[in-house]
Amino acid sequence: MAYRWKNTLTQADVTPKHLWMNRRAVLAGLAGAGALGGTVHAQETLEPNTLEEIRSYNNFYEFGTGKSDPAANAGDMVTDPWEVTVDGLVDNPGTYALQDLIGDLTVEERIYRFRCVEAWAMVIPWNGFELADLLNKVGVKEGATHVAFETAVIPEVMPGVRRRVIDFPYVEGLRLDEAMHPLTMMATGIYGEPMANQNGAPMRLVVPWKYGFKSIKSIVRITLTDEQPPATWNIINPREYGFYSNVNPQVDHPRWSQASHRVIGGGLFSAREDTLMFNGYPEVASLYDGMDLTVDY
Amino acid sequence: MTAIVDPINRFARKVPTWVVYIGYLLPIPFFFYLAATGGMGVEPINALEREMGEIALQLLIIGLAITPLRKHAGLNLLKFRRAIGVLAFVYVGVHLGIWVVLDMSLRWEQMWGDIWKRPYITIGMIAFLAMIPLAATSNNYSVRKMGATAWRKMHKLVYPIAALGAVHFIMVQKVWEAEPLIYLAVILGLVGLRYIPSQKATGVASKG
């Protein structure tokens, strides 16, 4: 069941802090001299962000568009009890209490890089299970090609929904083979603690090789379909946000160069880092064999 | 109206312009200190960058408000206008410097690409470049040398500069946000006010 995917980023692998602090100083110095610029893959990204960082810098437009809005506003969302509707091309459709849906799945910790399309990144120790485990449990019917997801809409506790900053509910989708990939997980916690509301409690998607907005939060609906489902940012601006939205430093985004990013928590003088293809998860490349990723971005 | 305006005018006459310079220069190291010590959140570079840009826009708005305030309200703050304009340029410079050094880590190639490929950066850069001649001629010598008419004409460049600054702010956002739109509306309003005759000319008496 679980542990099919071998985690390469563990606490034990983390460079001791005094070493990466020195390395960062060295890198900053070299970058300052213009000698290295964008060619160094700094190892300090292996250090997971602090829980405070992960909980205080979020995009969750249901609670406002500012980075600190979700932390400030999401507290009133009630995540227990929580119901998730599973429908479409599944053997066992229905509306489930969350615990009934996922209570028997094995939870593990995975330290993943998280890369936002806005050119910032974190390293997050998620707790969760492989999405494949959940999909296998509800039974995917023959003919299903995609999975669609939907975030809760609770206007009473969601100021961004009341202000209609974008069209809600927030929706996202994956191709079925992406959804079944062992890297793709549903997270229910971070650092062994229950997920904070601003991080997408009680259950969110995590697809580490795609830009963060694909990893939809606070899921209330999972639908198996035979067509490519709508995705919120793709609808708002298809030129800027493709359906796939794989992290790709070579595909230029109209708004942000995706060649590099800044790691949250590095402070005022942290240098940028080069962005890696598929966010450093090359094992997913075969999913896109034969596709031109500059067209299907 | 005069009951409010006259004391302010009397007070303003007594305040030396260096007070304005100090009042706006001191916050710069203060914000850097805040950012460096965790007072601006876990992503201090972006927060600082935005703060400096917003203050620059506010200064441009204050500068644009001085003439209409005099014309329509009789408030005379003209002596501070040069300081306000120069300070706006300083804040834009700090904003740009943060982008170059802290945000982009001196990745010149990527920045060069960004300036041409990303319209909001192109617009911001145009506005900055257009401010340079204005800042460089913000002294009595330049006014004398150019002649008041030519100098004034050139400094009307601040109207499109302020508007471009606000458009830059709007475009940085992923969705339509109220705050940057308000900045643009205020700037367009203040420029528009210059084409409305003053109250005295239209015969509307100000009520005290």
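Going through the cross-link list B:Lys14/B:Lys153; A:Lys137/B:Lys174; A:Lys67/A:Lys217, which pairs have a Cα-Cα distance over 27 Å in this structure?
B:Lys14/B:Lys153; A:Lys137/B:Lys174
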**Message:** Ignoring ligands, DNA and RNA, please state the percent of accessible area on the stretch A:11-282 from carbon and sulfur, probe 1.4 Å.
**Reply:** 52 percent
**Fill in**
Rounded to the nearest 100 Å², the accessible area hidden between A and B, summed over both chains at a 1.4 Å probe radius, is 2500 Å²
**Rg/Rh ratio calculated on Cα atoms of the protein assembly as shown (Kirkwood radius)** = 1.05
**Request:** Report, please, the projected area of chain B averaged over directions, based on the convex hull of its C-alpha atoms, in nm².
**Result:** 14.1 nm²
**Request:** Kyte-Doolittle cut-off 0.0, length cut-off 27 Å along the helix's own axis using Cα: show which whole DSSP H helices in chain B pass.
**Result:** B:44-73
**Request:** Express the accessible area of the protein assembly as shown per residue in Å², computed with a 1.4 Å probe while the remaining protein chains stay in the model.
**Result:** 46 Å²
**Request:** List the trypsin sites (Lys or Arg not before Pro) within the stretch A:205-297 that fall in a DSSP loop (any state other than H, G, I, E or B) and whose Cβ has at most 14 other Cβ atoms within 10 Å.
**Result:** A:Arg239
**Message:** As a test of reading the structure, rank B:Thr137, A:Thr50 by solvent-accessible area (1.4 Å probe, protein chains only), most first.
**Reply:** A:Thr50, B:Thr137
**Fill in**
Mean other chain Cβ within 10 Å across A:191-198 is 0
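What average count of beta carbons from other chains do you get within 10 Å of the Cβ of residues in B:114-126?
2
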**Asked** Given the Cα-Cα distance of B:Leu188 and B:Val143 and 0.36 nm per residue of separation, how much length would full extension add, in nm?
**Response** 13.6 nm
**Message:** Cβ neighbours within 10 Å, averaged per peptide: list A:197-208, B:102-113, A:134-145 in order, most packed at the top.
**Reply:** A:197-208, B:102-113, A:134-145
**Prompt:** A:Val247 accessible area, nearest 10 Å², 1.4 Å probe?
**Reply:** 0 Å²
**Item:** Average beta-carbon neighbours from other chains, 10 Å sphere, peptide A:256-266
**Value:** 4
**Message:** Could you tell me the center-to-center distance, by alpha carbons, between the stretch A:281-296 and the stretch B:133-155 in angstrom?
**Reply:** 58 Å
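The values are calculated or read from the model by the stated rules, or taken from the named source; none is laboratory data. In this text, all values refer to a predicted model and were calculated from it rather than measured experimentally. In this analysis, Cβ positions are derived from the backbone assuming ideal geometry, glycine residues included, and neighbour counts consider all displayed protein chains. What goes into the accessible areas is simple: the full protein's heavy atoms, side chains included, and nothing from ligands, DNA or RNA. Shrake-Rupley method; radii C 1.70, N 1.55, O 1.52, S 1.80 Å.
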